[in-house]
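S.K.: Supplied in structure tokens, the structure appears directly below.
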Amino acid sequence: MIKTRVMFATLTGNNEAVANIIISELEKAGISAKKEQIELVDARTISKENTDLLILVPYTFDLGSIPDETLDFYEDLDEVNLSPIVFGVAGSGDDFYGDDYCTAVDTFAERLQASGAIEGAQRVKVNLYPDATDEQALATFVQNLLTHVKGQD
Ligand SMILES: Cc1cc2nc3c(=O)[nH]c(=O)nc-3n(C[C@H](O)[C@H](O)[C@H](O)COP(=O)(O)O)c2cc1C
């Protein structure tokens, strides 16, 4: 069994919708994922024992920042060794914000890499609520992540 966790942060629901699409794509592949809110997870408890595949779905806030409620989680990632967990990051932002569009996705991906986790799929950035094109991109994202995890066996 591939232990899979999908952790999201949302204010108005768009990132929960992204998380739900990811979870449904995982289910189509026969994988049941644990859905969690980032702010309720203690990052120091994440390990290969309880996580093979970690998927983060944060929104982006003011000036390209990560959500306030995920700051503790982000900081605690500095203290863990996540090798060889496979991860992917997707998230919804608003392209109105130009260079700051969805930068929380990159911020989290870089922190997870620094913690020793392996990025298993290209990041997906969604403008506001996910549409059909985003659903397709998220389906590919999930397939690539699963290929990576299965390749570890
Ligand atoms: C005050 C404020 C600042 C924001 N700043 C950014 C930003 O810098 N970059 C970005 O991509 N989106 C930004 N957004 C847009 C949100 O990330 C976007 O609406 C996202 O879909 C919200 O996700 P949620 O529905 O899961 O809360 C901002 C939204 C608000 C309200």
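S.K.: Leaving ligands, DNA and RNA out of it, work out the accessible area of Tyr74 with a 1.4 Å probe and give it in Å² to the nearest 10.
M.R.: Looks like 50 Å² after rounding.
S.K.: So, counting K/R as plus one and D/E as minus one, what does the shell of residues with Cβ under 13 Å around Gln113 add up to?
M.R.: Computed value for this residue: -2.
S.K.: P(r) for the chain: what percent of alpha-carbon pairs falls in each 5 Å bin, starting at zero?
M.R.: Per 5 Å bin, starting at 0, the Cα pair percentages come out as 2, 10, 21, 25, 22, 14, 5, 1, 0.
S.K.: Only Cα pairs within less than 10 Å get springs; with that Gaussian network setup on the chain, which residue of Asn15, Asn127, Asn50 has the largest fluctuation?
M.R.: Largest GNM mean-square fluctuation: Asn50.
S.K.: Now for a separate question. Please calculate the 1.4 Å probe accessible area of Ser32, with all protein chains present, and give it to the nearest 10 Å².
M.R.: Around 90 Å² of this residue is reachable by solvent.
S.K.: Counting only pairs 8 or more residues apart or on different chains, how many lysine pairs in segment 4-152 have their Cα atoms under 18 Å apart?
M.R.: 4
S.K.: Here's something else I'd like to know. Based on DSSP H runs of at least 4 residues, each adding -39500 (n - 2.57), what is the mean residue ellipticity at 222 nm of the chain after dividing by all its residues, to the nearest 500 deg cm²/dmol?
M.R.: Taking each H run of at least 4 residues, the total per residue is -11000 deg cm²/dmol.
S.K.: Accessible area of Leu128, 1.4 Å probe, to the nearest 10 Å²?
M.R.: About 80 Å², rounded to the nearest 10.
S.K.: Under the 0.36 nm per residue contour assumption, what length would be gained going from the current alpha-carbon distance of Thr45 and Gln113 to full extension?
M.R.: Extra length available between Thr45 and Gln113 comes to 22.8 nm.
S.K.: While we're here: Which percent of Cα pairs goes in each bin when the distances of segment 66-110 are cut into 10 angstrom slices starting at zero?
M.R.: 23, 51, 22, 4
S.K.: If you roll a 1.4 Å probe over the chain with all protein chains in place, what percent of the accessible area is carbon or sulfur?
M.R.: Ligands and nucleic acids excluded, carbon and sulfur reach 47 percent.
S.K.: Something else: State in Å² the accessible area per residue of segment 4-152; use a 1.4 Å probe, count heavy atoms of protein chains only, and round to the nearest integer.
M.R.: Per residue, segment 4-152 has 47 Å² of solvent-accessible surface.
The values are calculated or read from the model by the stated rules, or taken from the named source; none is laboratory data. The structure presented is a predicted model; accordingly, all values stated were derived computationally and were not measured. As a convention, Cβ positions derive from the backbone with ideal geometry for all residues, glycine included, and neighbour counts pool all protein chains shown. In case anyone asks, the SASA skips ligands and DNA or RNA and just uses the protein heavy atoms, side chains included. Shrake-Rupley method; radii C 1.70, N 1.55, O 1.52, S 1.80 Å.
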